[in-house]
C-alpha cells in the first residue's frame, strides 16, 4: 500500500496522482482536472516540512494529470486488503506481557546469528598459518 501511494516519488504531496485517483473513484464530483497543475516536490531541498501553501504555487504537489479511476480502485483495494490483514492479526494478538518472553527469545536468537556470522567473517579474513618451516 505504501509503495503504491508513494510511487510518484518525493516526500511530500497533495493532490498527486494517488490522492486524486482515490477521490476520482469515491467522489468524482469533487475533481476538476482542468484546474489541476502538475508541480514538483520542492521539499526535497528542505530539512523542515512545510505546508503545501509554502511549497506550491497552485495548491498541489505531484502529478494530478496522471490520476485515473482504475488507479483509485487499485489503491482502495490495497487499502482494504492491508487493513483487513492488520485486523486479522489484531484478533489473534496476545497481550504484551504474554508475548514478551517469546519476543526476547527471538531477539537473542537473532543476535546470536549475527554474532556467529561476524565471527565467521572475521575468521575468513585472517591469513592461514603454513605448516612448513619458515
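The values are calculated or read from the model by the stated rules, or taken from the named source; none is laboratory data. Since the structure is predicted, the reported quantities are computational estimates derived from the model, not experimental observations. Cβ sites come from the backbone with ideal geometry, for glycine too, and all protein chains shown count toward neighbours.
For residue 58, the criteria (1) part of a loop (DSSP other than H, G, I, E, B); (2) surrounded by 10 or more Cβ atoms within 10 Å (Cβ to Cβ); (3) within 26 Å of the chain's Cα centre (by Cα) hold in every case but one, which is (3).
Among the residues here, residue 89 does not qualify as at pLDDT 80 or above, more than 25 Å from the chain's Cα centre (by Cα) and either exposed (fewer than 10 other Cβ atoms within 10 Å of the Cβ) or over 30 Å from residue 26 (Cα atoms) (or both). The residue pairs whose first member lies in the stretch 48-59 and is in the same structural domain as residue 35 (by TED's automatic domain parsing), whose second member is in a helix (DSSP H, G or I), and whose beta carbons are closer than 8 Å, counting only pairs six or more residues apart or on different chains, are 49/43; 50/43; 55/42; 55/43; 56/42; 59/52; 59/53.
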